[in-house]
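Structure, as structure tokens:
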Amino acid sequence: MNKVIFINWFQTLSYQPIWHHLETQNHSLFQFLQEHVLDTPLKNDWLTGRVSFCNIWHHLNTYGIPKEVIQTQTMNWMSNITVEAELLSLIQQVRRYGYKVVIATNHVDIFGNYLYPYLHLEDYFDDYISSAEVGFLKTQQDENNNYPFFVAYLKKHQLTYQDCILIDKAKDVTDIYHHLGMTTFTTTHTQETIDILNSFLK
């Protein structure tokens, strides 16, 4: 029996990208953040832990954006994030069946440092893996052409890829880890994710 279900965060559990609320509430600031962070190589450095949230607001401060504005808008973004209640309920049922359910996300350091505790995700999930903390995106290889994203978690819990299930929106991700031995599911909408989770209860 598979022991762990890894489930993607953005566009699988949640659909609100960072600072998305500004697109309608403060479009000029949103455009500025796109031009100076979100649509630049800095975003990838942030996703892989080479820079931190602190570095980001220092960077933006050099353009005259006070750190308090970035911090406030980040809190506003987090307060707008929702996860479908049916998904959370199903995840609890799946956990009662004996699976561990772990978020596996390409995300900036805000996820682990602020978002995970802010949303009390520890009440619904057993753990999380974030690219900002492991230093690699799910599809990134190291100098030995290995995929390090899950390695530390698997070693810590004495697991193999064959012990794990991965639910992700990206086919390139599920293809990689299916080849490495995981049972994988590619999901593109909430109902599909619900159906996948329900299949573990049969």
If the Cβ limit is 8 Å and pairs must be 6+ apart or interchain, which residue in segment 142-170 that is more than 20 Å from Thr186 (Cβ to Cβ) pairs with which residue that is in a loop (DSSP other than H, G, I, E, B) and of a type in the set (Phe, Trp, Tyr)? Asp142/Phe136; Pro148/Phe136
Being of a type outside the set (Phe, Trp, Tyr), touching a helix residue (DSSP H, G or I) at 6+ places or on another chain (Cβ under 8 Å) and surrounded by 16 or more Cβ atoms within 10 Å (Cβ to Cβ) is the filter; apply it to segment 8-25 and report the residue that is nearest to Ile165 (Cα to Cα). Asn8
Within segment 31-68, the count of residues that are on the phi > 0 side of the Ramachandran plot and either assigned to a helix (DSSP H, G or I) or in contact (Cβ under 8 Å) with a residue 40 or more places away in the chain (or both) comes to 1
Looking at Ile91, is it surrounded by 16 or more Cβ atoms within 10 Å (Cβ to Cβ), closer than 22 Å to Gln16 by Cα and touching a residue at least 24 places away in the same chain (Cβ under 8 Å)? yes
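Could you check, for segment 175-189, whether at least one of its residues is closer than 27 Å to Trp57 by Cβ, of a type outside the set (Asp, Glu) and either modelled with pLDDT under 95 or under 18 Å from the mean Cα position of the chain (by Cα) (or both)? Even if it seems obvious, please write down each step before you answer.
Residues of segment 175-189 that are closer than 27 Å to Trp57 by Cβ, as a first pass: none.
No: segment 175-189 contains no residue that is closer than 27 Å to Trp57 by Cβ, of a type outside the set (Asp, Glu) and either modelled with pLDDT under 95 or under 18 Å from the mean Cα position of the chain (by Cα) (or both).
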Candidate set from segment 114-130 (those that are touching a strand residue (DSSP E or B) at 6+ places or on another chain (Cβ under 7 Å) and among the hydroxyl-bearing types (Ser, Thr, Tyr)); member that is surrounded by the most Cβ atoms within 10 Å (Cβ to Cβ): Ser130
When you look at Ser28, is it surrounded by fewer than 16 Cβ atoms within 10 Å (Cβ to Cβ), assigned by TED's automatic domain parsing to the domain that holds Gln162, without any contact (Cβ under 8 Å) to a residue 24 or more places away in the chain and polar (S, T, N, Q), yes or no? no
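Farther than 20 Å from Tyr116 by Cβ, out of contact with any Ser or Thr (no Cβ under 9 Å at 6 or more places or on another chain), modelled with pLDDT of 95 or more and part of a helix (DSSP H, G or I): does that describe Leu88? Please lay out each step first, then the result.
On the way: farther than 20 Å from Tyr116 by Cβ: no; out of contact with any Ser or Thr (no Cβ under 9 Å at 6 or more places or on another chain): yes; modelled with pLDDT of 95 or more: yes; part of a helix (DSSP H, G or I): yes.
Considered against the rule, which asks whether it is farther than 20 Å from Tyr116 by Cβ, out of contact with any Ser or Thr (no Cβ under 9 Å at 6 or more places or on another chain), modelled with pLDDT of 95 or more and part of a helix (DSSP H, G or I), Leu88 comes out as no.
The values are calculated or read from the model by the stated rules, or taken from the named source; none is laboratory data. Quick caveat: nothing in here was measured; it's all calculated off a predicted structure. Neighbour counts are summed over all protein chains in view; Cβ atoms, including those assigned to glycine, are modelled from backbone coordinates with ideal geometry.
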